[in-house]
Each structure stands twice: as C-alpha cells, then as structure tokens.
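*Asks:* Take a look at the following structure, please.
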Amino acid sequence: MLNYEDYCQAADLLRSRIGGFSPEVLLILGTGIGYLAESIEDPVVVPYREVPHMPVSTASSHAGNFVFGRLAGRCIMAMQGRVHIYEGYTAEQVAFPVRLARLLGCRDMIVTNAAGAVNYNYRVGDIMLISDQIRLFDPDPLIGPNIPQFGDRWCDMSDVYCAQYRELARQAACDMGIQLREGVYFYFTGPQFETPAEIRAARILGGDAIGMSTVPEVIAAVHCGLKVLGFSLLTNMAAGMVKTAYVPGEVSRTAESVKDTFCALVTSCLSRLPQPSASTERS
C-alpha cells in the first residue's frame, strides 16, 4: 500500500518539472478525447513512467502523459489517458494521480470516459452527463489505512458529481445546441464486456451507461475534497440491446466521430467553472 510520503515524492518530482505553475483543475481524458491535451497552451509533458509510484498506461488508446498548461483560461493538469484495474493495478494505484493532483493544488476535476449505453432511450454517439454512479462489488481505493492528510475515514457520497457543476454543464450544452443526456454510470472492472444478463441487472438497478473506469478516481476525488464533473461518451449499445455482437474497434470509431463536439463541450464547461478565491489559492 502507498503512504503519504509516496505521494509527496511524486509531487516533488512534478513540481521540479513545472516550476511555480499551480494547477487548478485535474482533467482526466478518456478514450476518444485524449487529443484535447494538444490544445493546452505552453504545455509541459511528463510521461507517467517518469513519476515515482505512478502506474503506467498499457491500453493502446491511452498515451500515458501528464500535461500541464492553460486551457480555456484555466491552469490545467491533464491526464492524457488513464490506468484501469483491469490492467492489473489496485484501485489505490488507479486513484494515485487524483491524490497527486490534490497535493499540487487542484480543487476541481473533470473526468471523461467511453461507455456503453444501457438506457434504451440513448443512442450511440450521445454524450451523458454523469449524475451519480453505482459500484457494487468492485475494489474501492479507500480500503486500507486512511491517509488523514487527504480526508476523513468516513467519506460522504451524497453529492458525488457536484450539482452546481452539472447545472453549468447543462447550460453549456444548451448554449452550444448539444443534446446532453443525464444519467447514472454503472461500473464494472472489465476487461471483458458485460453479458446481456449483467446489462439487464445494471438497468434494473438504475444504470444508464456502463464502463470500466472513472469510479475509483471519483471516489478518491470526493475523499480529498475535489468537486467533480463527469461525462460519458456513449460509444456502443451494451450487450443484449441490439441483435449484433460487439465489433472490435467500434468504441474507437464512435469516439473519433464525435470527438470534436465532446471536446468543445468539455472546454466550454472548463471555462465556466468558478474561479478559485484568493483564500483557496493560499490554502
């Protein structure tokens, strides 16, 4: 298990690379949106493999870099790709960069992912604003000794995806003429896709979309006091909802076809987040 000194060691390495730059927002770029990092101004790129204790992305569509700079007028720490439990990492390792971002000064987090549609009213290519999440039996990043520097042992999860930020996202989508779905993200670890029976169960339990990421990072973010905004790009209909089976490459192709709209929405939301107060910046 990781201890507080491990996080501090990683933070010190990143501070040595970014100088006096202090990020405000952690931006986790999932499948199909990693290229948004190319729009960051004056970027400082640090590969995950150079950061102590940081797990390395093995998924082919995840570049595996931290990118620091400015985007939409905000100071950003972007993750160009993420890591997953299905790659062999623990939930604590998957959540490592979130706690690292908190040490570097981040107060907000925007998280994105590619997901399968569970709700019959949704269509491939839709963007879903995440209103809540469901994690049943999968690993939790808070299991083990609590690190009090990040948060209390008992973590309130009644407003995981900040209601204020969700309203900002709705307004941004309205202003841009984007149809924005809103629903619950159901988490499975993968890497295999779900069975039709698992999809039926997820729907009965209240899931609208299903995926293999996001939840460990979000739990850690809430624990250490970050306000969270989340989006799912619906790249396929989940198992049993259509007659055809999953076709390899379907997720990547769908993500590619709508990436410009998705990135524009995320950027607009980023510009609308409240600016940190002077007291917050000093804390």
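*Asks:* Given (1) touching a Lys or Arg at 6+ places or on another chain (Cβ under 8 Å); (2) surrounded by 24 or more Cβ atoms within 10 Å (Cβ to Cβ); (3) not in a strand (DSSP E or B), where does G240 come up short, assuming only one miss?
*Replies:* Failing condition for G240: (2).
*Asks:* Next up: Within the stretch 102-135, count every residue that is closer than 23 Å to T235 by Cβ and either surrounded by fewer than 18 Cβ atoms within 10 Å (Cβ to Cβ) or not small (G, A, S) (or both).
*Replies:* Going through the stretch 102-135 one residue at a time, the tally reaches 23.
*Asks:* To continue, here is another question. Residues A201, A221, A209, A255: which one is in contact (Cβ under 8 Å) with a residue 24 or more places away in the chain, farther than 14 Å from G30 by Cβ and of a type in the set (G, A, S)?
*Replies:* A221
So that you can scan it fast, the table gives a plain yes or no per residue for (1) touching an Asp or Glu at 6+ places or on another chain (Cβ under 6 Å); (2) under 18 Å from G125 (Cβ atoms); (3) among the hydroxyl-bearing types (S, T, Y):
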site: G177; (1), (2), (3): no, yes, no
site: C224; (1), (2), (3): no, no, no
site: F231; (1), (2), (3): no, yes, no
site: T235; (1), (2), (3): no, yes, yes
site: M241; (1), (2), (3): no, yes, no
site: V247; (1), (2), (3): no, yes, no
site: E256; (1), (2), (3): no, yes, no
site: T261; (1), (2), (3): no, yes, yes
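*Asks:* Residues in the stretch 1-36 that are in a helix (DSSP H, G or I) and surrounded by fewer than 23 Cβ atoms within 10 Å (Cβ to Cβ): how many?
*Replies:* Number of matching residues: 15.
*Asks:* Scan the stretch 52-81 residue by residue and report those that are in contact with a Lys or Arg (Cβ under 7 Å, 6 or more places away or on another chain), surrounded by fewer than 19 Cβ atoms within 10 Å (Cβ to Cβ) and assigned to a strand (DSSP E or B).
*Replies:* none
*Asks:* Quick check on this structure: which one of A59, A72, A63 is touching a residue at least 12 places away in the same chain (Cβ under 8 Å) and at positive phi?
*Replies:* Every option except A72 fails the conditions.
*Asks:* All but one of (1) within 19 Å of the chain's Cα centre (by Cα); (2) at negative phi hold for G125, so report the exception by its number.
*Replies:* Of the numbered conditions (1) within 19 Å of the chain's Cα centre (by Cα); (2) at negative phi, the odd one out for G125 is (2).
*Asks:* Also, quick follow-up: Listed residues V184, V111; which is part of a strand (DSSP E or B) and within 20 Å of M54 (Cα to Cα)?
*Replies:* When all the criteria are applied, what remains is V111.
*Asks:* Further question: Taking interchain pairs and intrachain pairs at least six residues apart, which have beta carbon atoms under 9 angstrom, with the first residue in the stretch 118-139 and outside any loop (DSSP other than H, G, I, E, B) and the second basic (K, R)?
*Replies:* Close Cβ pairs satisfying both conditions: I127/R181; M128/R181; L129/R166; L129/R170; L129/R181; I130/R166; S131/R166.
*Asks:* Answer yes if at least one residue in the stretch 212-226 is crowded, with 24+ Cβ neighbours inside 10 Å, out of contact with any strand residue (DSSP E or B) (no Cβ under 9 Å at 6 or more places or on another chain) and not in a loop (DSSP other than H, G, I, E, B), and no otherwise.
*Replies:* Yes, the stretch 212-226 contains a residue that is crowded, with 24+ Cβ neighbours inside 10 Å, out of contact with any strand residue (DSSP E or B) (no Cβ under 9 Å at 6 or more places or on another chain) and not in a loop (DSSP other than H, G, I, E, B).
*Asks:* Would you say R49 is surrounded by fewer than 21 Cβ atoms within 10 Å (Cβ to Cβ), of a type in the set (K, R) and touching a strand residue (DSSP E or B) at 6+ places or on another chain (Cβ under 8 Å)?
*Replies:* No; evaluated as a whole, the condition is false for this residue.
*Asks:* Let me ask something else about it. Taking the condition in a loop (DSSP other than H, G, I, E, B), among the aromatic types (F, W, Y) and surrounded by 15 or more Cβ atoms within 10 Å (Cβ to Cβ), does F193 pass?
*Replies:* Yes, satisfied.
*Asks:* If you don't mind, there's one more thing I want to ask. Taking the stretch 132-153 on its own, how many of its residues are modelled with pLDDT under 95 and among the aromatic types (F, W, Y)?
*Replies:* Qualifying residue count, the stretch 132-153: 1.
*Asks:* From A209, A245, A197, A173, grab the single residue that is modelled with pLDDT under 95 and aliphatic (A, V, I, L, M).
*Replies:* A245
*Asks:* Another one. What's the number of the condition R99 fails, among (1) out of contact with any strand residue (DSSP E or B) (no Cβ under 7 Å at 6 or more places or on another chain); (2) modelled with pLDDT under 95; (3) surrounded by 23 or more Cβ atoms within 10 Å (Cβ to Cβ); (4) not hydroxyl-bearing (S, T, Y)?
*Replies:* (2)
*Asks:* Select, from R153, R135, the only residue that is of a type outside the set (V, I, T) and in contact with a strand residue (DSSP E or B) (Cβ under 9 Å, 6 or more places away or on another chain).
*Replies:* Of the residues listed, the single one that is of a type outside the set (V, I, T) and in contact with a strand residue (DSSP E or B) (Cβ under 9 Å, 6 or more places away or on another chain) is R135.
*Asks:* Take the conditions β-branched (V, I, T), more than 15 Å from G116 (Cβ to Cβ) and in contact with a Cys (Cβ under 8 Å, 6 or more places away or on another chain) and apply them to I143. Does it pass?
*Replies:* No, not satisfied.
The values are calculated or read from the model by the stated rules, or taken from the named source; none is laboratory data. Fair warning: this is a prediction, and the values are worked out from it, not measured in the lab. Reconstructed Cβ throughout: ideal geometry from the backbone, glycine too, with neighbour counts over all protein chains shown.
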